[in-house]
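Just below is one structure, and these are the notes that go with it.
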Amino acid sequence: MRDFRRWYRIADITLQIESDLPFTENTFSDKLELFRMEAPGADVVTVRHHFSLPEMSGWDFSREKYRKAPWAIYQTDAGWIYLGILPQGFEEKLWKVVVFNPDHSLAEVFHPDSSAFAAGGQTSLTLFPSDQILVARLLADRGGCYLHSAGAIVNGAGMLFVGHSEAGKSTTTRMLMHAAIGAEILCDDRNIVRRFSDGWKVYGSWSHGDIPKVSAAAAPLRAVCFIEKSGENSLIPLIDRQEIIRRLLACVIKPFVTVDWWEKTLDVVSSLAAEGRFYVMRFDKSGKIVTDLVSIAHLFEMKS
């Protein structure tokens, strides 16, 4: 039986991926298989792949909202048009056309041909350079966001280690992996937080950095550590809300930014800063900091 539809879950959102051509075992990277589902969940976003560019005469391109390679983005009465554009100096040629409905819950993705799809090994379900341009927008409407972070589950407690490149996310991930404490690694570079009525959850993503180990698991978010390489090992509680907001905003993953997306994301970050537990984590490469991390994870386990 040929396979024209699949389901994948990220942050409790189902991405229903449809194609005019059948999927094969090799269409997507193995890491995406970890997020695949046998049936859709309650919250479904549909992405449909087509393998020729549409005839666009008569389309409304009067409201350009963004233009910087690789995207030019337009708002219309019916939703959004994303044109995949090349930098100056390249032959004038679109590499993709995407039509979204107003809330980005339906995407019609038009490719110039089927060559990339047929080549297989794709690392994004949208066949964009990254799925974050879609998922980050969906999260803002659902009380969530991506953060530059390493993520892990330790004794059932979700932990985030927040920082930009070279801050030590991959180093922290390796320390947790080598410590033999049973930590489940979510992702070493980009993880997701979402707010629910009973608290915050942290989710892994397939957008990893140096360490190709990811998980589709989720856990209650118990601690957020702003990581700093140091000659010492310490976890310092951080309670200054404005300082927390400043540090979080610096590490939010930003797609194409609109006013409404930014306002919703500010609300997410402000709520997280008010409700979460935060630390400055200073550490060296000895792995000694892991003992402190296990201690706070155990503390949350005892309270739950």
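All of the numbers you see were taken from the coordinates with simple rules; none came from a lab. All of these numbers come straight from a predicted model, not from anything done at the bench. Note: ideal-geometry Cβ built from the backbone for every residue, glycine included; neighbour counts use all protein chains shown.
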Of every Cα-Cα pair in the range 210-268, the percent that sits beyond 14 Å: 73 percent
Taking the alpha-carbon centre of each part, the distance from the range 239-297 to the range 162-238 in Å is 11 Å
What's the FRET efficiency of residue 230 with residue 270 using the Cβ-Cβ distance as r and R₀ = 25 Å, to the nearest 0.05? 0.30
Let me have the 222 nm mean residue ellipticity of the chain computed from DSSP H runs of 4+ only, each contributing -39500 (n - 2.57), with the sum over all residues rounded to the nearest 500. -6500 deg cm²/dmol
Within the chain, which DSSP H helices have Cα atoms that stretch 18 Å or more along the helix axis and a mean Kyte-Doolittle hydropathy of at least -0.5? 259-275, 289-303
To the nearest 0.05, how large is the calculated FRET efficiency for residue 113 and residue 166 if R₀ is 35 Å and r is the Cβ-Cβ distance? 0.35
Once you put a point 7 Å from the Cα of residue 142 and another 7 Å from the Cα of residue 36, both along the Cβ direction, what distance in nm separates them? 2.1 nm
Likely footprinting exposure, 47, 135, 280, fewest C-beta neighbours within 10 Å first: 280, 47, 135
